[in-house]
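The values are calculated or read from the model by the stated rules, or taken from the named source; none is laboratory data. Just so it is clear, the structure is predicted and the values come from calculations on it, not from any experiment. Ideal geometry is used to build each Cβ from the backbone, glycine not excepted, and the neighbour counts take in all protein chains shown.
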């Protein structure tokens with residue numbers, strides 16, 4: 001089996017696995033953050049876990065770019081920049097901005113996150129810098145790139161604003177949870193997840209690729225069930241939780 005044949009088989013299997021994970025997460029809450037609980041084995045620092053999981057994507061994509069046999073082009077640099085602006089922040093800024101000193105997550109969650117990021121980065125990185133047809137400079141002026149990049153940017157801003165609100169809910173040294181307010185939190189329980197789904201849907205449109213679509217599908221498969229679980233948790237723990245808020249999509253879901 002050639003590398004190209006393996007890549008194609010892996011890509012289609014990856015889509016199938018996303019459907020399985022979506023159904024699984026509808027019934028099992030991923031045990032990290034507020035849903036962390038005993039029975040999931042060894043725990044490690046939550047901050048370290050985020051660095052390990054998300055840092056892998058930043059490093060792998062940069063490696064695929066550097067090791068590409070293709071000459072460096074403007075479009076490749078733009079896609080690398082879009083990827084890295086998300087993952088450098090998620091791995092090396094976000095974990096240290098969170099006020100979660102002393103919190104832990106199961107090592108098994110970190111390992112599963114790393115496996116997902118490795119597979120996802122392999123599919124997207126190899127397509128962009130090796131197996132895909134390549135992009136001419138004029139591609140940056142096409143509707144699919146411009147609309148996808150705009151959607152990516154909107155999602156990134158929503159994600160950043162929501163994370164900032166969450167990180168400032170508690171004073172230094174304070175523990176416990178509060179009802180977040182402001183931004184899209186006035187409409188949904190998890191605008192940070194909505195922002196990330198929009199980001200990678202924009203990525204799929206901008207790259208116009210099946211690997212990009214697989215990333216968007218996986219993002220939704222992971223975050224839609226988690227948003228629903230968060231929404232239920234808020235309602236269970238706060239009697240005054242706003243009735244009008246939806247879980248993920250304003251006025252819809």
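General remarks:
- Being within 30 Å of residue 229 (Cα to Cα), surrounded by fewer than 19 Cβ atoms within 10 Å (Cβ to Cβ), in contact (Cβ under 8 Å) with a residue 24 or more places away in the chain and over 17 Å from the mean Cα position of the chain (by Cα) is a property that residue 96 has.
- For residue 88: the one exception among (1) more than 15 Å from the chain's Cα centre (by Cα); (2) under 30 Å from residue 29 (Cα atoms); (3) modelled with pLDDT of 95 or more: (1)
- Looking across segment 160-191 at every residue that is modelled with pLDDT of 95 or more and either under 15 Å from residue 34 (Cα atoms) or part of a loop (DSSP other than H, G, I, E, B) (or both), the one that is farthest from the chain's Cα centre (by Cα) is identified as 187.
- Per the conditions (1) more than 18 Å from residue 25 (Cα to Cα); (2) at pLDDT below 95; (3) touching a strand residue (DSSP E or B) at 6+ places or on another chain (Cβ under 8 Å), the sole criterion not satisfied by residue 253 is (1).
- Of the criteria (1) under 24 Å from residue 251 (Cβ atoms); (2) at pLDDT below 95; (3) surrounded by fewer than 16 Cβ atoms within 10 Å (Cβ to Cβ), which one residue 154 fails: (2)
- Of 41, 49, all but one fail to be touching a residue at least 60 places away in the same chain (Cβ under 8 Å), surrounded by 15 or more Cβ atoms within 10 Å (Cβ to Cβ) and either touching a helix residue (DSSP H, G or I) at 6+ places or on another chain (Cβ under 9 Å) or more than 30 Å from residue 136 (Cβ to Cβ) (or both); the exception is 49.
- Scanning segment 186-205 for residues that are in contact (Cβ under 8 Å) with a residue 60 or more places away in the chain and surrounded by fewer than 20 Cβ atoms within 10 Å (Cβ to Cβ) yields a single hit, 187.
- Scanning segment 206-215 for any residue that is assigned to a helix (DSSP H, G or I), buried (at least 22 other Cβ atoms within 10 Å of the Cβ) and in contact with a strand residue (DSSP E or B) (Cβ under 8 Å, 6 or more places away or on another chain) turns up nothing.
- Residue count for segment 236-253, restricted to those that are outside any loop (DSSP other than H, G, I, E, B) and either without any contact (Cβ under 8 Å) to a residue 40 or more places away in the chain or within 17 Å of residue 191 (Cβ to Cβ) (or both): 2
- Condition check for residue 146: crowded, with 19+ Cβ neighbours inside 10 Å, assigned to a helix (DSSP H, G or I) and on the phi < 0 side of the Ramachandran plot: no
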